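Note sheet for the following structure.
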Amino acid sequence: MSKYKVNLKINNIAVSVDEGTTILEAARQLNFTIPTLCQHDDLCVAGNCRVCVVEQKGARLLPASCATPVSEGMEIQTNSLKVRQARKHIVELLLAEHNADCTKCFKSGYCELQDISNDYRIGDHIFLDLVKEKDKERDISSPSIEKDDSKCIRCQRCVRTCDSMQYVSALAVTHKGNNMRISTFMDKPMNDVVCTNCGQCINRCPTAALTERNYIDEVFDVIYDPNKFVVVQTAPATRVAIGEEFGMEPGSRVTGKMVAALRRLGFDKVLDTDFTADLTIMEEGTELLTRLKEALVDGKEVALPMLTSCSPGWIKFQEHMYPDLLDNLSTCKSPQQMFGPLAKTYYAEKINKNPADMVVVSIMPCTAKKFEAERPEMRGSGYKDVDYVLTTRELGRMIHQAGIEFEKLEDEKYDSILGESTGAAVIFGSTGGVMEAALRTAYEIVTGKEVPFTNINIKPVRGMEGVKEASVKIKDAKPEWSFLEGVDVNVAIAHGLVNAKILMDKIKSGEANYHFIEIMACPGGCIGGGGQPMPTNMEIRKKRAAGIYEEDEAMVLRKSHENAEVTEIYKSFLHEPLGHKSHDLLHTHYTPRKRQ
Amino acid sequence: MENKMKKVDLIFDQVDHLAILDKSLQRTQDEIILDVIESGLRGRGGAGFPTGLKWKFAKNEEADQKYVICNADEGEPGTFKDREILTQVPDKVLAGMALCGYCIGATEGYIYLRAEYNFLLPMLHKAIDKFHKELKKRDFDFSIRICSGSGAYVCGEETALMESMEGKRGEPRNKPPFPTSSGYLGKPTSVNNVETLVFALMIAQEGPTQFKEMGTFDSRGSKVFSVSGDTPTPGIFELELGMTLEQFVNEFGDGDTKAVQVGGASGFCVARKDFKNTLIGFEGIPTGGSMMLFNSSRSMYNILNDYLEFMEEESCGQCTPCRVGCQQLVKGIEAVKKGVKPPAYLEELQKLSDTMRIASKCGLGQSVPNPFNSIIQNFREEIIY
Ligand SMILES: Cc1cc2nc3c(=O)[nH]c(=O)nc-3n(C[C@H](O)[C@H](O)[C@H](O)COP(=O)(O)O)c2cc1C
Ligand code: SF4
Ligand code: SF4
Ligand code: SF4
Ligand code: SF4
Ligand code: FES
């Protein structure tokens with residue numbers, strides 16, 4: 001449907017835009033930036049911070065440009081004296097309520113409030129300080145998320161994120177007037193509510209009111225401890241995003257530089273979560289085929305569709321919201337948590353180290369993985385399997401602190417072993433990637449042939465649509481898989497928990513006829529994870545996803561079962577997928593939780 | 001103008017509300033709406049939007065459902081006239097809602113009743129049941145329900161009211177879209193004050209002329225006032241619009257009136273020297289009905305402080321100018337009083353209140369400057385010393 005055009009003038013320049021466009025968007029089309037705080041491209045309009053006000057000729061009020069659609073003949077000034085005065089007042093008011101200790105603040109340099117306040121050179125502090133002492137007590141109950149009310153500007157981005165993108169509603173606005181604030185159910189600590197630790201609210205918080213719990217100092221401490229052997233693993237999605245911390249384009253493929261930087265930081269071995277991503281495919285693919293066989297041949301009651309389990313935010317969501325469907329979850333641990341116990345058993349033995357002296361650090365796009373590492377069941381090695389989890393952002397911070405000029409580093413390679421991987425592992429970082437990797441391997445196990453897609457790129461499972469469906473017909477199954485001959489394997493993919501809910505409700509109602517479902521808690525999958533560089537928006541996530549798929553195509557090996565180190569570990573240690581050792585080290589169980 | 005105020009009896013007059021409705025149902029919607037426009041009736045809830053126009057906008061919307069909401073939240077300090085109207089002439093309010101429903105094409109109406117008025121519920125339910133039966137006899141499809149208010153002043157603001165009715169937190173919405181195009185549950189909705197609905201009914205009965213001939217050019221007709229404060233005769237009075245404050249004070253004052261707060265906490269304070277030149281109405285000082293008289297025993301600092309503390313607490317808190325602005329005004333006058341800030345700080349605060357007026361999201365924040373500036377301007381000394 002073609003839209004009506006609306007003609008208006010912004011700063012005396014005529015422009016014609018689609019009906020329904022906001023003044024803010026129209027101004028952006030003319031390359032005028034209007035400062036914003038509560039507005040976020042991923043979220044519905046709030047119109048509450050008011051920093052984006054503009055002057056409209058003939059109007060008594062200053063409309064909020066983010067919340068006001070254009071109208072015919074409108075004449076807008078984005079920087080008139082009236083606007084400047086109002087905007088300065090508004091920023092000063094926000095600062096009066098704000099514990100502005102920028103020099104000590106984790107968000108400094110990345111902070112939207114700081115940016116605006118710098119732009120307007122707010123320095124006079126005309127108004128009275130309103131920061132409440134009790135707001136300065138930070139909530140550090142969660143291993144993933146830190147909440148500091150003294151930094152909150154009440155923009156409600158976090159509330160909208162948690163409601164509309166994640167369907168969790170762990171955060172809510174409570175009280176009114178001077179006591180209005182962002183809180184949880186019954187003001188409980190973050191660790192005691194339905195929060196999934198996904199970190200999406202952090203990614204959209206303009207200030208330091210919500211940040212990840214950071215463990216940078218702890219990690220430097222063990223790096224410099226001569227008695228500790230510190231190995232680091234890096235998740236697939238970090239390598240297309242860490243460059244942003246150094247001003248590079250989103251999606252820049254900087255795997256080699258990242259490895260070089262990690263060595264310079266002093267990690268003893270630089271290893272790859274991608275290795276265990278390949279291993280996950282072997283375990284999870286086998287688990288799926290086993291479930292299908294039990295259902296179709298043995299006539300057993302098995303939980304289908306099977307749901308992927310590599311996103312700890314998703315896992316906690318399911319434990320809270322759909323505890324009755326926990327049997328459908330794959331028992332596979334996430335690649336991070338497969339890596340930990342293998343490092344402290346198989347690898348420790350190979351390199352002749354006492355696992356008690358080993359420290360496993362992970363670099364993750366994710367805040368939920370901090371919580372995951374703390375789960376009591378994640379001690380398959382007899383020790384805490386993963387000791388510290390750092391976000392992509394924290395790694396960026398460490399590299400800055402260490403004075404390493406990231407952009408100028410020469411590419412280096414991962415150490416061996418636990419360093420080899422395939423293209424199938426790297427695509428774990430994007431929505432649909434686990435599915436694609438699983439199909440590449442499972443199809444070949446069953447038929448002996450490659451998946452029937454050009455260049456094995458399974459396009460239907462890719463892309464940013466919230467819920468994706470695809471179907472792959474099995475042709476020429478090998479004799480032992482003959483029960484799958486002609487079967488349409490139906491798969492579905494959801495990213496962002498609001499989309500997960502759509503699929504889960506379909507399963508609950510019996511509407512779904514899927515065999516296998518991939519779910520990632522974060523929009524776009526891990527590339528949009530709660531630990532990734534800020535800002536985030538659809539365009540940035542698309543660029544990171546493009547980086548992921550380029551990385552895949554550039555790999556020599558692109559199917560998990562072709563990973564030679566994976567073959568080796570099965571030969572010499574695990575023996576077979578779903579075997580005893582795997583059961584002990586690579587699989588887990590889940591905990592039903594309450595909704596509040 | 002003659003020096004006597006005209007008392008009027010349009011609102012509380014007992015009339016045959018069903019006869020008015022029957023007569024109206026014989027006419028077209030457009031005819032009635034034109035009459036309401038012609039009468040010059042403007043909303044009595046505070047904002048003063050022309051009622052006929054509001055109905056016309058709502059009527060012109062295409063939708064499978066539309067709603068009529070009677071705003072009986074009456075949270076403005078010093079107003080109690082809607083309670084009185086609902087008590088005395090509930091049938092007229094119900095008929096006014098049905099009339100609005102007929103005009104705009106809505107079959108459902110809601111009364112959003114202030115939580116403190118819940119004691120009216122049994123009586124209202126009875127009246128509604130009776131009214132429904134009468135409508136059924138006439139085969140007229142319209143039903144009324146009551147929605148109990150949430151107890152927050154801001155929920156009287158029409159969009160916060162609808163959020164609250166939808167079970168959400170009472171935070172005002174962005175406008176546009178206006179309720180007449182997207183209101184309750186996203187459907188075209190006409191929100192009208194209790195008193196407005198009764199006037200509309202009376203205009204449907206009498207035709208526009210009688211109403212139009214009362215009052216002034218911008219403020220036609222009469223208005224129900226809630227008179228309180230330092231007055232020997234507090235209470236509810238329906239008066240012709242267009243009187244001066246001098247006339248008003250002569251009637252209601254105790255002989256020592258130093259100021260009148262017109263329009264409650266969101267209204268203006270007028271000092272004695274201006275009584276003569278101040279007209280009560282849209283060309284002068286508009287009011288939703290609250291008239292508070294203060295005599296010379298009152299401290300204007302305390303009065304201003306009370307209003308500001310009320311706003312500071314009752315702000316929904318979502319938007320910066322209002323949430324933080326109110327706190328700054330409260331703390332600011334205290335700082336000046338205590339000498340922590342110099343008297344000139346009041347000018348900074350007045351500039352701030354100008355920002356609140358033009359940059360706040362809803363009428364609450366936008367009207368905090370009314371009491372603030374008017375009291376500071378008239379009683380600067382009392383605030384400082
Ligand atoms: C903070 C605030 C409180 C309000 N409270 C009331 C109220 O209690 N009753 C009322 O009728 N209108 C109230 N209003 C005005 C309504 O938003 C709306 O304009 C009115 O109900 C429309 O009816 P009218 O056109 O008949 O006046 C309030 C407005 C604001 C900004
Ligand atoms: S949140 Fe931003 S403005 Fe506040 S102290 Fe931190 S860096 Fe400064
Ligand atoms: S981490 Fe995720 S689930 Fe928890 S509050 Fe933030 S958005 Fe909600
Ligand atoms: S916590 Fe952050 S996102 Fe949430 S309201 Fe406060 S400043 Fe905004
Ligand atoms: S002006 Fe006040 S009451 Fe209105 S939306 Fe803003 S904070 Fe809420
Ligand atoms: S960015 Fe427009 S009101 Fe906040």
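Restricting the search to strands (runs of 3 or more DSSP E) fully inside the stretch A:120-187 and requiring at least 2 residues that are more than 16 Å from ligand 1 (Cβ to nearest atom) and open to solvent by 60 Å² or more (accessible area, probe 1.4 Å) gives an empty result.
Any residue at all in the stretch A:241-260 that is open to solvent by less than 10 Å² (accessible area, probe 1.4 Å) and under 30 Å from residue A:329 (Cα atoms)? Yes.
Could you grab me the full set of residues in the stretch B:313-363 that are within 19 Å of residue B:169 (Cα to Cα) and either more than 7 Å from chain A (Cβ to nearest Cβ) or in a helix (DSSP H, G or I) (or both)?
Across the stretch B:313-363, the qualifying residues are B:313, B:314, B:320, B:322, B:323, B:360, B:362, B:363.
Tell me whether the stretch A:508-523 contains one or more residues that are outside any loop (DSSP other than H, G, I, E, B) and either more than 22 Å from residue A:545 (Cβ to Cβ) or open to solvent by 20 Å² or more (accessible area, probe 1.4 Å) (or both).
If we filter the stretch A:508-523 for residues that are outside any loop (DSSP other than H, G, I, E, B), which is where we start, we get A:508, A:516-520.
Adding the requirement that they be either more than 22 Å from residue A:545 (Cβ to Cβ) or open to solvent by 20 Å² or more (accessible area, probe 1.4 Å) (or both) leaves A:508.
Checked against the condition, which is being outside any loop (DSSP other than H, G, I, E, B) and either more than 22 Å from residue A:545 (Cβ to Cβ) or open to solvent by 20 Å² or more (accessible area, probe 1.4 Å) (or both), the stretch A:508-523 yields at least one hit.
Being within 14 Å of chain A (Cβ to nearest Cβ) and either open to solvent by 50 Å² or more (accessible area, probe 1.4 Å) or assigned to a helix (DSSP H, G or I) (or both) is true for just one of B:136, B:168, B:126. Which residue is that?
Only one candidate qualifies: B:168.
Residues in the stretch B:342-384 that are surrounded by fewer than 17 Cβ atoms within 10 Å (Cβ to Cβ), without any contact (Cβ under 8 Å) to a residue 12 or more places away in the chain and within 29 Å of the chain's Cα centre (by Cα): B:351, B:377.
Kindly evaluate residue B:296 against the criterion of being surrounded by fewer than 18 Cβ atoms within 10 Å (Cβ to Cβ), more than 8 Å from chain A (Cβ to nearest Cβ) and of a type in the set (Gly, Ala, Ser). Yes; evaluated as a whole, the condition is true for this residue.
Remark: pairs (first residue in the stretch A:96-119, closer than 15 Å to residue A:146 by Cβ and within 15 Å of ligand 4 (Cβ to nearest atom); second residue open to solvent by less than 20 Å² (accessible area, probe 1.4 Å) and not in a loop (DSSP other than H, G, I, E, B); Cβ separation under 6 Å; 6+ apart in sequence or on different chains) = A:99/A:150; A:99/A:151; A:106/A:211. The criterion of being open to solvent by less than 10 Å² (accessible area, probe 1.4 Å), in a loop (DSSP other than H, G, I, E, B) and within 19 Å of residue A:270 (Cα to Cα) does not hold for residue A:415.
Would you check if there is a residue in the stretch A:15-37 being within 9 Å of another protein chain (Cβ to nearest Cβ) and either touching a residue at least 12 places away in the same chain (Cβ under 8 Å) or open to solvent by less than 20 Å² (accessible area, probe 1.4 Å) (or both)?
Looking through the stretch A:15-37, at least one residue is within 9 Å of another protein chain (Cβ to nearest Cβ) and either touching a residue at least 12 places away in the same chain (Cβ under 8 Å) or open to solvent by less than 20 Å² (accessible area, probe 1.4 Å) (or both).
Which count do you get for residues in the stretch B:267-293 that are within 20 Å of residue B:367 (Cβ to Cβ) and in contact with an Asp or Glu (Cβ under 6 Å, 6 or more places away or on another chain)?
The first filter runs over the stretch B:267-293 and keeps only residues within 20 Å of residue B:367 (Cβ to Cβ), leaving B:267-271, B:274, B:278-292.
Within this subset, residues satisfying the condition of being in contact with an Asp or Glu (Cβ under 6 Å, 6 or more places away or on another chain) are B:282-283, B:288, B:290.
Looking only at that region, the number is 4.
Filtering B:92, B:56 for residues that are open to solvent by 10 Å² or more (accessible area, probe 1.4 Å), out of contact with any strand residue (DSSP E or B) (no Cβ under 7 Å at 6 or more places or on another chain), outside any loop (DSSP other than H, G, I, E, B) and more than 16 Å from ligand 4 (Cβ to nearest atom) leaves a single hit, B:56. Looking at the stretch B:5-36, which of the residues that are free of Cβ contacts under 8 Å to residues at least 40 places away in the same chain and more than 14 Å from residue B:92 (Cα to Cα) is most open to solvent (accessible area, probe 1.4 Å)? The selected residue is B:26. Looking at the structure I just gave you, is residue A:61 within 16 Å of ligand 1 (Cβ to nearest atom), open to solvent by 50 Å² or more (accessible area, probe 1.4 Å) and out of contact with any Gly (no Cβ under 9 Å at 6 or more places or on another chain)? Spelling it out, residue A:61 is indeed within 16 Å of ligand 1 (Cβ to nearest atom), open to solvent by 50 Å² or more (accessible area, probe 1.4 Å) and out of contact with any Gly (no Cβ under 9 Å at 6 or more places or on another chain).
Annotation: of all residues in the stretch B:191-230 being open to solvent by 10 Å² or more (accessible area, probe 1.4 Å) and assigned to a loop (DSSP other than H, G, I, E, B), the one that is nearest to residue B:8 (Cα to Cα) is B:214.
Across the stretch B:108-123, what is the number of residues that are of a type outside the set (A, V, I, L, M, F, W, C) and loosely packed, with under 15 Cβ neighbours inside 10 Å? Write out each step before concluding.
So the first thing to find is which residues in the stretch B:108-123 are of a type outside the set (A, V, I, L, M, F, W, C), and the list is B:108-110, B:112, B:114, B:116-118, B:122.
After this cut, where a residue has to be loosely packed, with under 15 Cβ neighbours inside 10 Å as well, the list is B:116, B:118, B:122.
So the answer is 3.
Scoring residue A:527 on the criteria (1) of a type in the set (Val, Ile, Thr); (2) part of a helix (DSSP H, G or I); (3) under 20 Å from residue A:420 (Cα atoms) leaves a single failure, condition (3).
Determine whether the stretch A:273-286 contains at least one residue that is over 30 Å from residue A:482 (Cα atoms) and open to solvent by 10 Å² or more (accessible area, probe 1.4 Å). Break it down into steps so the answer makes sense when it comes.
Residues of the stretch A:273-286 that are over 30 Å from residue A:482 (Cα atoms), as a first pass: A:273-275.
Cutting the leftovers down to open to solvent by 10 Å² or more (accessible area, probe 1.4 Å) gives us none.
Looking for residues that are over 30 Å from residue A:482 (Cα atoms) and open to solvent by 10 Å² or more (accessible area, probe 1.4 Å), one finds none in the stretch A:273-286, hence no.
Which of the following residues is within 16 Å of ligand 3 (Cβ to nearest atom), within 14 Å of chain B (Cβ to nearest Cβ) and either at negative phi or in contact (Cβ under 8 Å) with a residue 40 or more places away in the chain (or both): A:181, A:138? Talk me through it step by step, then tell me what you get.
Numbers: A:138 fails: within 14 Å of chain B (Cβ to nearest Cβ).
Of A:181, A:138, the one residue that is within 16 Å of ligand 3 (Cβ to nearest atom), within 14 Å of chain B (Cβ to nearest Cβ) and either at negative phi or in contact (Cβ under 8 Å) with a residue 40 or more places away in the chain (or both) is A:181.
Please find, within the stretch A:36-66, the residue that is nearest to residue A:93 (Cα to Cα) out of those that are touching a strand residue (DSSP E or B) at 6+ places or on another chain (Cβ under 7 Å), part of a loop (DSSP other than H, G, I, E, B) and of a type in the set (A, V, I, L, M, F, W, C).
Restricting attention to the stretch A:36-66, the residues satisfying the condition of being touching a strand residue (DSSP E or B) at 6+ places or on another chain (Cβ under 7 Å) are A:47, A:50, A:52-57, A:62-66.
When the remaining residues are screened for being part of a loop (DSSP other than H, G, I, E, B), the result is A:47, A:50, A:52, A:54, A:57, A:62-63, A:65-66.
Narrowing the set further to residues that are of a type in the set (A, V, I, L, M, F, W, C) leaves A:52, A:54, A:62, A:66.
Details: A:52: 14, A:54: 18, A:62: 17, A:66: 20 Å.
If we take residues in the stretch A:36-66 being touching a strand residue (DSSP E or B) at 6+ places or on another chain (Cβ under 7 Å), part of a loop (DSSP other than H, G, I, E, B) and of a type in the set (A, V, I, L, M, F, W, C), then A:52 is nearest to residue A:93 (Cα to Cα).
Among the residues of the stretch A:174-188, those that are at pLDDT 95 or above and more than 15 Å from residue A:135 (Cβ to Cβ) comprise A:176, A:177, A:188.
The values are calculated or read from the model by the stated rules, or taken from the named source; none is laboratory data. The model shown is predicted, which means the values in this text are computed figures rather than measured ones. Note: ideal-geometry Cβ built from the backbone for every residue, glycine included; neighbour counts use all protein chains shown. Accessible surface is based on the protein model in full, side chains and every heavy atom, while ligands, DNA and RNA are left aside. Shrake-Rupley method; radii C 1.70, N 1.55, O 1.52, S 1.80 Å.
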